[in-house]
Amino acid sequence: MSFGGEFAFGPARAAACAAAAWLDVGDGEEAARYAQEALEAYNRLSPTRRPYSQINGSKIDLAAAHLCLEERDGAIQTLSDVLDLAGGRRNTSLAGRMTRVRYLLAKSPWEHDPKAQHLAMEVSGWLSESSPGLIN
């Protein structure tokens, strides 16, 4: 028996889950490593098989890891594609992850960093423009 779609759990998804777990315990270095591993594995899939939600979730987690590691510019660069997602592509999972980024940007060392606060405004706008019923 083979499972696909939302039920597929290959190396890419395992790495993405590991990244999220490492973020939960505050280890930005491990989170970044696993998020990058997930993105590389997803990029090896054919374009028609790439799950946009998992890919964008991994990008958001990578950006959060960059913030944990005090790498503001890495977070900005990593989030650029995600911030451009159309409202209908912003699901609850992505909004929850983006909420973590907003939370991190409100803390030291970012709360007084102008570039980080600009990113925080973009993230807040992204969350407020998301589909109805998502986390705001």
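Region 34-71 and region 98-122 have Cα centres separated by 20 Å. Note on residue 71 and residue 29: the extension gain reaches 14.0 nm, defined as 0.36 nm multiplied by sequence separation minus the Cα-Cα distance.
Here 92, 99, 48 are placed in order of increasing Cβ neighbour count within 10 Å, fewest first, which gives 48, 92, 99. Distances over 21 Å make up what percent of all Cα-Cα pairs in region 9-128? Roughly 32 percent, rounded to a whole number.
Magnitude of the charge dipole for region 25-86, about its Cα centre and with charges confined to Cβ atoms of Lys, Arg (+1) and Asp, Glu (-1), is about 400 debye. Modelled this way, with points 7 Å down the Cα-to-C-beta line, the labels at residue 43 and residue 117 are 3.4 nm from one another. Counted by Cβ distance under 15 Å from residue 127, the other residues give a net charge of +2, where Lys and Arg count +1 and Asp and Glu count -1. Neighbour counting of Cβ atoms within 10 Å sorts the residues 112, 66, fewest neighbours leading, into 112, 66.
Computed from the coordinates by the stated procedures, all read-outs in this text should not be read as laboratory data. All values derive from a computational prediction rather than experimental measurement. Here the Cβ is made from the backbone with ideal geometry for all residues, glycine too, and neighbour counts use every protein chain on show.
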